[in-house]
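Engineer: Here's a structure for you.
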Amino acid sequence: MAATSASRQLSLAESFLPSEGAARYAGYAFLAVLGTVLLWASAKVSVPFIPVPMTLQTVAVLAIAGAYGLRLGMATILLYMAEGAFGLPVFASGAGLAYMTGPTGGFLAGFVVQTAIVGWAVDRGMGKNLIALFAVMLVSEVIMFAMGYSWLASIIGAEKSWAFGVQPFILGDLLKTAIAAGLVFAGVSAATKR
């Protein structure tokens, strides 16, 4: 994976695109739409887990940010949010601006911040180091949870927000963060060797 400047490296996804021209931009558009389809599908998949079932959305957000980098990752997550805002049923259980400003609003906004943090880090080469990548993804996860918790607490109170919006998901999200870091690291390692 070549560097595009002294500080920003090509993302895993960019390394497979044509180097210039209309085909490159068509590739970006295709990847952004593909990313929103993956986000939609991951929001709809429920995996049995203790203490509550979990979706695969966190894996998708982190993996897309890690594979796409900051720019394409942000374009993808913002396109996904726009799809939901316009009423497409892309979220786990609702759509539209009313849904986005409801109890899950802070978590949705947290996905955007997660994407920015992880995308920025992989643009600077952290995708090549599994421990650093996992750490960045974990920090982004904590920030996403803090945003979701704060927003939910303003609606239902701090104690209920913790009990229903954060605590049941900690173990599952640690596992999903590890999976996403492993997938991105494996992809970056394979792309570096080609």
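The values are calculated or read from the model by the stated rules, or taken from the named source; none is laboratory data. Since the structure is predicted, the reported quantities are computational estimates derived from the model, not experimental observations. Reconstructed Cβ throughout: ideal geometry from the backbone, glycine too, with neighbour counts over all protein chains shown. Note: accessible area is taken over every heavy atom of the protein model, side chains too, but ligands, DNA and RNA are not part of it. Shrake-Rupley method; radii C 1.70, N 1.55, O 1.52, S 1.80 Å.
Engineer: Once amide H atoms are built 1.01 Å from N in the peptide plane, which residues 5 or more positions from Asn129, or in another chain, come under 5 Å H to H?
Structural biologist: Here nothing satisfies the definition.
Engineer: Let me ask you something else. For Ala178 paired with Thr192, estimate the spin-label separation in nm (one decimal), with each label point 7 Å from Cα along the Cα-to-Cβ line.
Structural biologist: So the two model labels end up 2.2 nm from each other.
Engineer: Please give the charge dipole size of the chain, origin at the Cα centre, charges +1 on K and R Cβ atoms and -1 on D and E Cβ atoms. Round to the nearest 20 debye.
Structural biologist: Dipole magnitude for the chain comes out near 360 debye.
Engineer: How many lysine pairs are close in the chain, with Cα atoms under 27 Å apart and the two 8 or more places apart or on different chains?
Structural biologist: Values: Lys44/Lys160; Lys44/Lys176; Lys128/Lys176; Lys128/Lys193; Lys160/Lys176; Lys176/Lys193.
Close lysine pairs under the 27 Å cut-off: 6.
Engineer: ³J(HN,Hα) across segment 15-20 via Karplus (A = 6.51, B = -1.76, C = 1.60, θ = phi - 60°), whole Hz, x for Gly/Pro?
Structural biologist: With the stated coefficients, segment 15-20 comes to 5, 9, 8, x, 6, 6 Hz.
Engineer: Please compute the length gained on full extension between Ser150 and Ala29, using 0.36 nm multiplied by the number of residues separating them and subtracting their Cα-Cα distance.
Structural biologist: On the way: separation 121, 0.36 × 121 = 43.56 nm, distance 3.37 nm.
Contour length minus Cα-Cα distance gives 40.2 nm.
Engineer: Work out from phi, with θ = phi - 60° and the Karplus expression 6.51 cos²θ - 1.76 cosθ + 1.60, the ³J(HN,Hα) of each residue of segment 54-62, listed in order in whole Hz, and give x for Gly and Pro.
Structural biologist: Along segment 54-62, the couplings run 10, 8, 9, 4, 5, 4, 5, 4, 5 Hz.
Engineer: Taking only Cα atoms and a 10 Å spring cutoff, compute GNM fluctuations for the chain and point out the largest among Ile143, Ile117, Ile156.
Structural biologist: Result: Ile156 has the largest fluctuation of those listed.
Engineer: Next question, about the same structure. Report ³J(HN,Hα) in whole Hz for each residue of segment 27-35, in order, from the Karplus equation J = 6.51 cos²θ - 1.76 cosθ + 1.60 where θ = phi - 60°; Gly and Pro get x.
Structural biologist: So the J values, rounded to whole Hz, are x, 4, 4, 4, 5, 5, 5, 4, x.
Engineer: I've got another one for you. Obtain the nm distance between the two label points defined at Val142 and Ser19 by a simple spin-label model: each point lies 7 Å from its Cα along the Cα-to-C-beta direction.
Structural biologist: That separation, rounded to one decimal, is 4.2 nm.
Engineer: Sticking with this one: If the only charges are +1 at each Lys and Arg Cβ and -1 at each Asp and Glu Cβ, what is the size of the charge dipole of segment 87-192 around the Cα centre, to the nearest 20 debye?
Structural biologist: For segment 87-192, the charge dipole is close to 120 debye.
Engineer: Taking semi-axes √(5λ) of the Cα gyration tensor in Å as the quantity of interest, determine which of [x] 52, 20, 12; [y] 29, 19, 14; [z] 25, 19, 18 was computed from the displayed structure.
Structural biologist: [y]
Engineer: Which percent of the accessible heavy-atom area of segment 1-134 goes to carbon and sulfur, probe 1.4 angstrom?
Structural biologist: The value for segment 1-134 is 75 percent carbon and sulfur by accessible area.
Engineer: Can you give the accessible area per residue of the chain, in Å², using a 1.4 Å probe?
Structural biologist: 48
Engineer: Out of the trypsin sites (Lys or Arg not before Pro) in segment 1-110, which ones are loop residues according to DSSP with at most 16 other C-beta atoms within 10 Å?
Structural biologist: Filter output for segment 1-110: Arg8.
Engineer: Report the Cα centroid-to-centroid distance between segment 129-159 and segment 11-44 in angstrom, as an integer.
Structural biologist: Between the Cα centres of segment 129-159 and segment 11-44 lies a distance of 26 Å.
Engineer: Give the long-range amide H neighbours of Thr55: residues separated by 5 or more places, or on another chain, with amide H under 5 Å away, using H modelled in the peptide plane at 1.01 Å from N.
Structural biologist: Close amide H contacts, sequence-distant or interchain: Val47.
Engineer: Under the rule a/c < 1.5 gives rounded, and otherwise a/b versus b/c splits prolate from oblate, where does segment 60-167 land using the Cα gyration tensor?
Structural biologist: Oblate, since a/c reaches 1.5 and b/c is not below a/b.
Engineer: Rank Gly119, Ser11, Gly165 by how far each Cα sits towards the positive end of the charge dipole of the chain (+1 on Lys, Arg Cβ; -1 on Asp, Glu Cβ) and give me just the farthest.
Structural biologist: Ser11
Engineer: In terms of modelled amide H atoms, which long-range or inter-chain residues lie less than 5 Å from the amide H of Gly87?
Structural biologist: Result for Gly87 returns Gly96.
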